[in-house]
Amino acid sequence: MAVTAVNALSIPYRIVGHRKETVYDVTMDESYAEGGESLTASQLGLNYVEPGTVCQITNGPEAEKWVGEANYTASTEKLHLQDVKTGKELAKETDTSKVVVRVTARGH
């Protein structure tokens with residue numbers, strides 16, 4: 001199963017400078033993929049995502065006990081979750097189905 005992304009804004013995007021900015025709530029799936037979950041620019045309402053995407057765990061204390069950080073690599077279109085205890089990427093096949101990440105992305 002893949003991650004699901006839902007627009008968190010009341011509009012498709014907002015303009016920041018000369019770029020589009022989107023905000024999506026991304027719900028992870030039940031089996032974390034080694035090397036990060038695939039999350040394409042089109043899933044974030046864009047054709048291209050610029051580096052510097054901001055990610056924030058939004059579903060509260062339950063996930064914060066074991067997910068320390070989320071980050072997005074635009075060049076590979078991967079969303080990565082880090083283990084709060086080790087600081088390393090989560091182990092593959094970890095059940096992340098209760099994790100929601102708010103992703104703010106800029107691009108075209």
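Bear in mind that the values in this text are calculations on the coordinates, not laboratory data. Computed from a prediction, not measured in an experiment: that's the story for all the values here. We place every Cβ from the backbone using ideal geometry, glycine too, and count neighbours over all the protein chains shown.
Being in contact with a Gly (Cβ under 8 Å, 6 or more places away or on another chain) and of a type in the set (Asp, Glu) holds for only one residue in Glu21, Glu50, Glu37, Glu30, and it is Glu50. Screening segment 76-97 for residues that are more than 11 Å from Thr53 (Cβ to Cβ) and without any contact (Cβ under 8 Å) to a residue 40 or more places away in the chain and picking the one that is nearest to the chain's Cα centre (by Cα) gives Gln82. Which condition does Asn47 not pass, out of (1) surrounded by fewer than 19 Cβ atoms within 10 Å (Cβ to Cβ); (2) out of contact with any His (no Cβ under 9 Å at 6 or more places or on another chain); (3) polar (S, T, N, Q), if it passes all the others? Result: Asn47 fails condition (2) only.
Can you tell me which residue is surrounded by the fewest Cβ atoms within 10 Å (Cβ to Cβ) among those in segment 75-108 that are under 12 Å from Ile57 (Cβ atoms) and among the basic types (Lys, Arg)? Taking the candidates together, the pick is Lys98.
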